[in-house]
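Here's the structure we're looking at; comments come further down.
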Amino acid sequence: MPPDWDARRARREALAGSRRRGAQEAQDGEVIASDRALDAPAAESVNGQPATVLSEPGLPGSRWQFKITQTSPSSRQAAALSSRLARWRPALWPLLLTFVIDLVIVGWFTMPFGGLLGWPLTVLWTWPILTTIIGIAGIRRTRKAVRRSKARWSGDRLTRCEDFLLVVVSTIGRHDTYPALERSVLSYLAYLPRCFPRLRIDVVIDEGSEATSRIESLVAGSDLMRLVTVPEWYRTPNGTRFKARASHYSHELRIREHEARDDVWILHMDDDTGVGPDTALAMARFVQEQVQAGPRAKHMAQGILTYPREYAMNRLTWLADSARPAEDVARFSAWTGGGTPRAGLHGELLLVRWDFGPRSIVEDAQFALIFSARYPGRSAWFCGRSYGASPANLRDFIRQRERWCWGLAALVFNHSLQLRNRLLLGYSVMSWVVGPIQNVGVVMLVAFLVADHSTSPVTIFIVPLWALNMAYVVWMYWEGLRLNAGVSDGGRRKWWEPWAVILLIPIFGLMEGFGGLRGFLKFIRRVENRFVVIAKPS
């Protein structure tokens, strides 16, 4: 049912008046946010468990105070980070320069007719062209979005949002994942209250998790947080499993607590992914824009997942993950920012008005496809970043990619989803699975074994497409490294990192492709799905 925008406007005006009457302003450069209990009905129950009516932060009559000292060193560092990130726009020149260089070099060595490998290479090396074109369109869209945002919102002036932000963090609750969870949760407390005075953080764990006592101590440190424990006996109507089961339980809890309202936004975060000052500001501005949009408002949005250097235990996997933030500002920006997230979504920095728990080990991708079918044109992209950690070693990197490809392949053959969405997903999965045999090193080895050193296409007119595909890959790693370095200490790439990330692209391709191929083969063999959670650095 569409929101009643007149009723919402009246509710917001009443809330604003209440806040003006009860606001508390701190002295000596401190910002203080307060809360009081919501006027809600008596507690109900979820699957037999009581659902307690909780306090909603940011309203007068508080029983707690959360302080952020503006003059502290951490605040100065946050201001410097915000200023640095506000100047960012995706660069086009690496794409254009690489395209010209590739076109000249490949065209120079290309023969008029292909050899024994002509047809296979024509298909394999041309196959990703659709992804490339969509990615380039996304780059253009991101540049326009950043420029438009700067014109609409002057500078980095603080934006306060009256809507209620509920952060949901599902964690497996192991001791080895706890340090990253603690780092992430503390970042929410540090940065989100200034832009979202009405805030709550729900940490969701399964009953009997090994680090329960540590997580309970963490949650007890602030009235902004609560611990939601999913009972062992809990089952969802659709047989939801793993992380999606926990998300579904917390969703049912929110419905029972009357928080399924149009002025409540749910921010889904992974337990290893934090936020920064730019995250809070970008989300607050996005939500304010939806308030002004009225009936044309979006229902979901996502930003950029970045990887600070300080969180990386393995420099190889950190460099390999340069492609992920670049995909966010390219391909994901094109689809999600265009209103229909057919390319999928991340499980972190996912801001939605509603959610659910599908039976999947890649619940974010399934959510994206169902959202695309039900609410076309209602998704958006914003230029805020989340701060995650790359896998700690090569083994974890491959296991992570294996699980992703495994789950995506299952969605391709899920007939409950729209065929056109599954076809696009199938194209992407196939591009991933054939990655190892597209690798230039593998191709050179095959050419040597068959005693045919010609790698020319069947026609010379294919060469520009090859050059464009290669240029886009180089751009992804170049721009992704720039994004990751921008959120790291110092805000700059080390002198050797750009050279290393370009020279290692063939190695990264094998790493990505090998994990994807393993996952696809496990799907073909119908091995039981397992939600593999890898420990991330703190």
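What about residue 456, is it over 21 Å from the mean Cα position of the chain (by Cα), in a loop (DSSP other than H, G, I, E, B) and hydroxyl-bearing (Ser, Thr, Tyr)?
Yes; evaluated as a whole, the condition is true for this residue.
Please specify each residue of region 320-374 satisfying the condition of being of a type in the set (S, T, N, Q) and either at positive phi or modelled with pLDDT of 85 or more (or both).
Selection gives 322, 333, 336, 340, 372.
This table checks each residue for (1) within 27 Å of residue 267 (Cβ to Cβ); (2) buried (at least 16 other Cβ atoms within 10 Å of the Cβ); (3) touching a helix residue (DSSP H, G or I) at 6+ places or on another chain (Cβ under 8 Å); (4) modelled with pLDDT under 90.
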position: 93; (1), (2), (3), (4): no, no, no, no
position: 111; (1), (2), (3), (4): no, no, no, yes
position: 120; (1), (2), (3), (4): no, no, no, no
position: 174; (1), (2), (3), (4): yes, no, no, no
position: 181; (1), (2), (3), (4): yes, yes, yes, no
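Tally up the residues in region 199-236 that are of a type in the set (Lys, Arg), in contact (Cβ under 8 Å) with a residue 24 or more places away in the chain and within 18 Å of residue 253 (Cβ to Cβ), please.
The number of residues fulfilling the criteria is 2.
Quick check on region 371-414: of everything there that is of a type in the set (Gly, Ala, Ser), in contact with a Phe, Trp or Tyr (Cβ under 8 Å, 6 or more places away or on another chain) and in a helix (DSSP H, G or I), which residue is surrounded by the fewest Cβ atoms within 10 Å (Cβ to Cβ)?
Across region 371-414, the extreme among qualifying residues is 410.
Among the residues of region 415-433, write down those that are of a type in the set (Lys, Arg) and either surrounded by fewer than 15 Cβ atoms within 10 Å (Cβ to Cβ) or in contact with a strand residue (DSSP E or B) (Cβ under 7 Å, 6 or more places away or on another chain) (or both).
Result: 420, single match.
(1) over 20 Å from residue 259 (Cβ atoms); (2) touching a Ser or Thr at 6+ places or on another chain (Cβ under 7 Å); (3) surrounded by 16 or more Cβ atoms within 10 Å (Cβ to Cβ): which one isn't true of residue 207, the others all being true?
In the conditions (1) over 20 Å from residue 259 (Cβ atoms); (2) touching a Ser or Thr at 6+ places or on another chain (Cβ under 7 Å); (3) surrounded by 16 or more Cβ atoms within 10 Å (Cβ to Cβ), residue 207 misses (3) alone.
If residue 367 satisfies all but one of (1) exposed (fewer than 15 other Cβ atoms within 10 Å of the Cβ); (2) without any contact (Cβ under 8 Å) to a residue 24 or more places away in the chain, what's the number of the condition it fails?
Checking residue 367 against (1) exposed (fewer than 15 other Cβ atoms within 10 Å of the Cβ); (2) without any contact (Cβ under 8 Å) to a residue 24 or more places away in the chain, the one that fails is (1).
If you go through region 480-506 one residue at a time, how many are more than 20 Å from residue 389 (Cβ to Cβ) and in contact (Cβ under 8 Å) with a residue 40 or more places away in the chain?
Of the residues in region 480-506, 1 are more than 20 Å from residue 389 (Cβ to Cβ) and in contact (Cβ under 8 Å) with a residue 40 or more places away in the chain.
Please pick out the residue among 299, 258 that is of a type outside the set (D, E, K, R), closer than 30 Å to residue 130 by Cβ and either touching a helix residue (DSSP H, G or I) at 6+ places or on another chain (Cβ under 8 Å) or touching a residue at least 24 places away in the same chain (Cβ under 8 Å) (or both).
299
Restricting to region 141-180, what's the tally of residues that are in a helix (DSSP H, G or I) and either among the small types (Gly, Ala, Ser) or under 20 Å from residue 249 (Cα atoms) (or both)?
Residues flagged as in a helix (DSSP H, G or I) and either among the small types (Gly, Ala, Ser) or under 20 Å from residue 249 (Cα atoms) (or both) within region 141-180 amount to 4.
Restricting to region 384-414, and then to whatever is of a type in the set (Lys, Arg) and in contact (Cβ under 8 Å) with a residue 60 or more places away in the chain, can you tell me which residue is nearest to residue 488 (Cα to Cα)?
Among them, the one singled out is 385.
Scan region 124-171 for residues that are within 19 Å of the chain's Cα centre (by Cα) and farther than 18 Å from residue 385 by Cβ and jot them down.
Within region 124-171, 131, 134, 135, 166, 168, 170, 171 qualify.
Residues of region 273-309 being surrounded by fewer than 24 Cβ atoms within 10 Å (Cβ to Cβ) and among the aromatic types (Phe, Trp, Tyr), which ones?
Listed by number, the list holds a single entry, 286.
Within region 257-272, is even one residue over 30 Å from residue 312 (Cβ atoms), surrounded by 21 or more Cβ atoms within 10 Å (Cβ to Cβ) and either of a type outside the set (S, T, N, Q) or more than 19 Å from the chain's Cα centre (by Cα) (or both)? Working first, answer last.
To start, the set of residues in region 257-272 that are over 30 Å from residue 312 (Cβ atoms) comprises 257-265.
Imposing the further condition that a residue be surrounded by 21 or more Cβ atoms within 10 Å (Cβ to Cβ) reduces the set to 265.
Of the ones still in play, those that are also either of a type outside the set (S, T, N, Q) or more than 19 Å from the chain's Cα centre (by Cα) (or both) are 265.
Among the residues of region 257-272, at least one is over 30 Å from residue 312 (Cβ atoms), surrounded by 21 or more Cβ atoms within 10 Å (Cβ to Cβ) and either of a type outside the set (S, T, N, Q) or more than 19 Å from the chain's Cα centre (by Cα) (or both), which makes the answer yes.
I'd like the full set of residues that are closer than 19 Å to residue 132 by Cα and touching a Ser or Thr at 6+ places or on another chain (Cβ under 9 Å), limited to region 421-456.
Selection gives 421, 427, 428, 431, 438, 440.
Scan region 459-491 residue by residue and report those that are within 22 Å of the chain's Cα centre (by Cα) and under 15 Å from residue 108 (Cα atoms).
None - no residue of region 459-491 is within 22 Å of the chain's Cα centre (by Cα) and under 15 Å from residue 108 (Cα atoms), so the list stays empty.
The values are calculated or read from the model by the stated rules, or taken from the named source; none is laboratory data. Remember, it's a predicted structure, so these values are computed and weren't measured experimentally. When we count neighbours, we look across all protein chains shown, and the Cβ atoms used for this are built from the backbone with ideal geometry, even at glycine.
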